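Comments concern the structure below.
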Amino acid sequence: MKGLMKKIDLFCYRHPRFGIRNLMLYVVIANVIIWIFSMMDTSGLLVSALAFSPAMIMKGQVWRLVTFALIPNDFSWLALIMFYFYYFIGNTLEAQWGPGKFTIYFFTGILLTVIYGFIIYFATGENVTVYAEYIYLSMFFSFATIFPDTVVLFMFIIPMKMKWLAYIDAAFFLYGVFTMQFPMNLLPVVAVLNYLIFCGDWLFALFRPSRVSTKAKTINYKRAARKINREQNSAPYTRKCAVCGRTDAEYPDLEFRYCSQCVGYHCFCQDHINNHVHFTE
């Protein structure tokens, strides 16, 4: 996954105009508009016309591939609280990653859900309806991974760290897996795949063979620095980002730094010095 993220980061750097700025703002506005009109439309025709339906999509109603993700999960007044959290989390992730990467992240979640919906349709013949509820909830995991100690007011009353809200979110996911009927019970798992692609390095690191040893290693940073400098003397560059692969030879105006929290001596560019999974070996 780390190699894929390097390619995504490099693509976004080379195409700075790619992506939808303030994407989550537009998504929330669409949710609010549908929420308002749905309250007036007691027949449910609006939601029915926008919902995911493989049979209707195959007949040409392709807008359903995207509009299903704009349907609110709740049509009560509590939905306003969810809209606020959607915007807060999505806007923060966009500020951290950039519009390009966040756009890829959001639409990757939609794409995975659509693919799974069609798999169910072709495998069972049932015209299933899937919603984007778990796509939005999976953003909590990404936010909690990057900002675990950020304190928010749960229900605007109870102060809680994001990592504890993520545990509650995980319990909700597991509840859906064990209570919904197959194959719809795998929809939360599909949504989590998006999180694992973008933020799951910590999980994959648990299964690396080098993690078996629990003996702590002491790193001599001066010795490691001299070793790195000797290796780089023969390279066409002096500094290379361990995330996106950019070098000071290719981007002379880019600032590079070394992370003191990583095990070893690893260099990062200015875009990733505060946005990377720390090396543990």
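Some points to look at:
- Criterion applied to 34, 8 was being among the hydrophobic types (A, V, I, L, M, F, W, C) and modelled with pLDDT of 90 or more, and the one residue passing it is 34.
- Output for region 110-153, where each listed residue is aliphatic (A, V, I, L, M), more than 26 Å from residue 168 (Cβ to Cβ) and part of a helix (DSSP H, G or I): 111, 114, 115, 119, 120, 123
- Filter result (of a type in the set (Ser, Thr, Tyr) and either touching a Ser or Thr at 6+ places or on another chain (Cβ under 8 Å) or not assigned by TED's automatic domain parsing to the domain that holds residue 75 (or both)) within region 30-61: 53
- Region 103-127 residues that are β-branched (Val, Ile, Thr), paired with ones that are not in a helix (DSSP H, G or I) (beta carbon under 6 Å, 6 or more apart): 103/19; 103/20; 113/130; 120/128; 120/183
- Top-ranked residue of region 260-276 - restricted to ones that are in contact with a Cys (Cβ under 8 Å, 6 or more places away or on another chain) and assigned to a loop (DSSP other than H, G, I, E, B), ranked as surrounded by the most Cβ atoms within 10 Å (Cβ to Cβ): 276
- Failed criterion for residue 62 (all others in (1) of a type outside the set (S, T, N, Q); (2) in a loop (DSSP other than H, G, I, E, B); (3) at pLDDT below 85; (4) over 21 Å from the mean Cα position of the chain (by Cα) hold): (3)
Matching residues to (1) among the hydrophobic types (A, V, I, L, M, F, W, C); (2) surrounded by 16 or more Cβ atoms within 10 Å (Cβ to Cβ):
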| position | (1), (2) |
| --- | --- |
| 39 | yes, no |
| 44 | no, no |
| 48 | no, no |
| 54 | no, yes |
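The values are calculated or read from the model by the stated rules, or taken from the named source; none is laboratory data. Fair warning: this is a prediction, and the values are worked out from it, not measured in the lab. Every residue, glycine among them, receives a Cβ derived from its backbone with ideal geometry; neighbour counts consider all protein chains shown.
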